[in-house]
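Worksheet for the structure shown next.
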Amino acid sequence: MNPDHWQLVEGVLDRALASDPSDWPALLDDTCRADPELRNEVEALLALRHAARFLQSPPSAAAAAAAGEHSIAVVLASIVRRYEEQGRQAEAAKYRALLEPPRP
């Protein structure tokens, strides 16, 4: 990723993190309307942040968060769907693999 594009990703990510998570879809709709790849990258980073916070929380808090409105599976499924809508099957497959249970 070139430095200019990374600055753009970082700027959108900073705006999202400074806002309420319920406002993220509208913010991303507005900010990334002309650049679906930018939206996918920011959504992926937000999903990773959510996953990291989930894994660092105590089990009781983690269980409560899993029942919340934006579980990691929901976010990943959304990313997969967006890539599929754009015809980007290779990218969709990478995120779809994260949704599958580990194989023995």
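Read the figures in this text as sums done on the coordinates, not as results from a lab. Only a predicted model underlies this, so the values are computations on that prediction, with no experimental measurement involved. When we count neighbours, we look across all protein chains shown, and the Cβ atoms used for this are built from the backbone with ideal geometry, even at glycine.
Round to the nearest 0.05 the FRET efficiency obtained for Ala93 and Asp20 when R0 = 22 Å and r is the Cβ-Cβ distance. In this case the efficiency is close to 0.10.
Nearest 0.05, what FRET efficiency do Gln7 and Gln86 give at R0 = 25 Å with Cβ-Cβ as r?
Values: r = 23 Å, r/R0 = 0.93.
Once the sixth-power term is evaluated, E becomes 0.60.
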